Amino acid sequence: MKIGFLFPGQGSQSVGMGKDLYEKYESVRQIYDKVKEITNIDVARISFEGQEEQLNQTKNTQLCILTMSLAILDLLEKNEIKAQVCAGLSLGEYTALLHSKVLELEEGVNLVKKRGEYMQTLLPAGEWLMAAVIGLSQEQVQEVCSKVKSGFVAPANFNSKEQIVISGEKIAIQEAETIAKQLGAKKVVILKTAGPFHTPMLKQASEKFREELEKVHFHDFQTKVIKNIDGTVYQKGENMVEILENHIICPVEFSKSLETMLDMGVDTFIEVGPGKTLSGFVKRMKTQRPVQILNISNVETLENAINLLQK
C-alpha cells in the first residue's frame, strides 16, 4: 500500500467542522489551543459556533481548515498511519509543508494567518467571485475566458479534466457562465470564496506575503510534497520563497498533482480535513489500476479509516 494524503483548501469549510473530533480527543484540543496561542484567534469558536459569514472570511477560513487538518494528521500519526507523498489544494499545500516538517508549527501557522489576511485585504476594488465550470476541457475554459468582454476573468484551479475553477470580477463571471453553457458546460457553480485568487489580480498580496516568507527558515522535506504551481514534486534546493509567492497568483495545477501521485504508485488516497471535494476529483480520474479513496472529516470517518488501514 502506498498512501498519499490530500489536504483541502478554501471552500471546503462548514460551521461545526471538527467539533466532534475536538470533543473526543485531548490531542485535538491541544492543537486548537496551540493555534489560538500562536495567532490570538479562537479557531475553535469560529469553526464550531461562529456564523457562516465569519467562517467564510478568508483570514479565518484558512486558519480553521489548516487547524482541523493538522489535528486529524496528529491522530493518524499516533496510529502509525503515514503517507509517502502528499499534496494540498491551494491553502492545503501549507498543511502538506507542515506535515513534511519543512515548516515549524509556529512559522507555518503564522504564514497561513498572514496569507489569509493579505488575500482578504489586499484586493483590487470591485466585486469578485470564483466559480467551478463543470463539463468543459481546459482549452474550452480558456476559450470562455478569452471571449468575456465585461471584465477580468481567468482560470484559477485545474482540479480535474472536467472541473476547472475560474476567478474574476462578478460581472465577468456571470458573462463567462453564459458563454460556458453555450459551449456545453454541464453547470457552473459559484464557490464560497470572495477574491480573484490564483490570478495576477493578487500581485500586491503576493508581494507583501513575500516579506513574510523571507523571514522563515525552510527545513529539508521529510515527506515528498507536490507543488500546486506545476504539479511536480518539490526538489531539494528549490527557491521556496519564490514558489510560495507565485503560489498566490498562479493557477493551481491539482489535476497534474493527482496524476503525479498516480505515476509515483499511490494506490490509497486519503483526504484529511473538511469535505469530500478532493476525493471526488480522484474518483473522476481514469486510472489503470484500482485505487482506494478515503476521506477523514469526523470521528466516524477517522475510526473507519484507522480500522481499515491497520488491518
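Here, each number is a calculation from the coordinates, and none is a lab measurement. Predicted model only: the values in this text are computed from it and were never measured. A quick note on method: Cβ atoms are made from the backbone with ideal geometry, for glycine too, and the neighbour counts reach across all protein chains shown.
What is the local net charge at residue 7, summed over the other residues whose Cβ is closer than 11 Å to its Cβ (Lys, Arg +1; Asp, Glu -1)? Every neighbour counted, the sum reads -2.
Working out 0.36 nm times the residue gap between residue 292 and residue 170, then minus their Cα-Cα distance, what length gain in nm do you get to one decimal?
Contour length minus the Cα-Cα distance gives 40.1 nm.
In region 128-190, the C-alpha radius of gyration followed by the widest Cα-Cα span (Dmax) gives 9.7, 27 angstrom.
If you take the charge dipole of the chain about its Cα centre, with +1 on Lys and Arg Cβ and -1 on Asp and Glu Cβ, which of 183, 90, 50 is farthest toward its positive end? Final value for the positive-end residue is 183.
The Stokes-Einstein estimate for region 8-135, based on a Kirkwood radius over Cα pairs and taken at 25 °C with 0.890 mPa s viscosity, is a diffusion coefficient of 161 µm²/s. Packing here is the average count of other Cβ atoms within 10 Å per residue, and on that basis the peptides 1-8, 182-189, highest first, run 1-8, 182-189.
For residue 79, no residue whose modelled amide H falls within less than 5 Å of its own remains once neighbours fewer than 5 places apart on the same chain are excluded. Average 1/r across all pairs of distinct alpha carbons in the chain, invert it, and you get the Kirkwood radius: 19.5 Å. Computed about its Cα centre, the charge dipole of the chain is approximately 740 debye, with only Lys, Arg, Asp and Glu carrying charge at their Cβ.
Where does the chain land at 222 nm, in deg cm²/dmol rounded to the nearest 500, when only DSSP H runs of n ≥ 4 count, each adding -39500 (n - 2.57), divided by all residues?
After summing the helix terms and dividing by the residues of the chain, the value is -14000 deg cm²/dmol.
Annotation: amide H-H contacts under 5 Å for residue 225 (H modelled 1.01 Å from N, sequence separation of 5 or more, or interchain): 86, 234. From the cross-link list 186/227; 161/276; 36/256, which pairs have alpha carbons spaced over 25 Å apart? Violating the 25 Å limit, Cα to Cα: 186/227; 36/256. Note that region 155-311, at 10 °C in a medium of 1.306 mPa s, gets a Stokes-Einstein diffusion coefficient of 88 µm²/s from its Kirkwood radius over C-alpha pairs.
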